[in-house]
């Protein structure tokens with residue numbers, strides 16, 4: 001079969017087309033992770049919302065991390081900014097930072113002691129710093 005798979009990069013709008021099913025697999029995984037993180041961003045944080053949103057961010061981070069291995073196997077010329085190691089690392093750390101922030105929010109709302117909150121906040125800062133540095 002002569003099937004062409006297309007991807008348009010979300011950062012620089014570079015279009016890539018190839019008769020390579022791996023490109024479609026990677027595109028689907030990337031979009032899956034992006035949808036999980038987007039869903040988490042718009043969750044109602046009441047009730048179990050913080051817990052669910054945090055889990056969604058963690059799952060998205062795992063998919064972005066998994067994509068680093070898969071994207072390394074792409075043939076030359078099929079890579080885009082979305083599929084670069086730097087972008088995937090940044091997205092993974094950003095999702096982990098968001099998940100950790102939600103944990104901080106839950107701890108803060110529960111009235112945890114300031115010493116514990118400062119430790120959690122420090123971890124949030126580390127994840128955001130890693131995300132910033134990876135780009």
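The values are calculated or read from the model by the stated rules, or taken from the named source; none is laboratory data. If you're wondering where the values come from, they're calculated on a predicted model, not measured in any experiment. Heads up, the Cβs are rebuilt from the backbone with ideal geometry, glycines too, and the neighbour counts pull from every protein chain shown.
Brief remarks on what is shown
- The residues in region 82-97 that are more than 30 Å from residue 51 (Cβ to Cβ) and out of contact with any helix residue (DSSP H, G or I) (no Cβ under 6 Å at 6 or more places or on another chain) can be counted, and the count is 2.
- Unmet criterion (only one of (1) in contact with a helix residue (DSSP H, G or I) (Cβ under 6 Å, 6 or more places away or on another chain); (2) under 28 Å from residue 51 (Cα atoms)) for residue 112: (1)
- Looking across region 13-34 at every residue that is within 18 Å of the chain's Cα centre (by Cα) and in contact (Cβ under 8 Å) with a residue 24 or more places away in the chain, the one that is farthest from residue 70 (Cα to Cα) is identified as 34.
- Scanning region 2-22 for residues that are within 16 Å of residue 87 (Cβ to Cβ) and either in contact with a helix residue (DSSP H, G or I) (Cβ under 9 Å, 6 or more places away or on another chain) or surrounded by 14 or more Cβ atoms within 10 Å (Cβ to Cβ) (or both) yields 7, 9, 10, 11, 16.
- Residue identified as at pLDDT below 90, surrounded by fewer than 21 Cβ atoms within 10 Å (Cβ to Cβ) and farther than 27 Å from residue 13 by Cβ among 45, 78: 45
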